[in-house]
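Let me begin by presenting the structure, written as structure tokens, before commenting on it.
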Amino acid sequence: MAQSMSNQPPTNLTSHLKGAQFPASKNDLVQVARGNSADRTVVEALEKLPGEKYASIAEVMKAFGKEEPEHDLRRPRPRH
């Protein structure tokens, strides 16, 4: 499983990974981003990801230390 990085994901990372098929390798993600005309900073950030395989876009975001917002309204959110 991927470990968390301390830096933030590039802006619009999910749009740069549009069309990615999961599970995906780090190399797969780089290729998809390049195919979506991602700039060099996005490609470099993906190349620096700690893991080699990612099961979902959420796992990619976790690798950057940031989770995507919860979109499933059926699941109750924990109360603090």
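Each reported figure results from applying straightforward, stated rules to the coordinates on display, with no laboratory input. Being a predicted model, the structure only gives us computed values, none of them experimental. We place every Cβ from the backbone using ideal geometry, glycine too, and count neighbours over all the protein chains shown.
Extension gain for the segment K48 to R34, taken as residue separation times 0.36 nm less the Cα-Cα distance, is 3.5 nm to one decimal. The HN-Hα couplings worked out from phi for the stretch 33-41 by the Karplus form 6.51 cos²θ - 1.76 cosθ + 1.60 (θ = phi - 60°) are 4, 4, x, 9, 6, 5, 6, 4, 5 Hz, whole numbers, x standing for Gly and Pro. Neighbours of G35, meaning other residues whose beta-carbon lies under 11 angstrom from its beta-carbon, give a summed charge of +1 when Lys and Arg score +1 and Asp and Glu score -1.
Of the peptides 57-65, 43-51, the order by per-residue mean of other Cβ atoms within 10 Å, starting with the highest, comes out as 57-65, 43-51.
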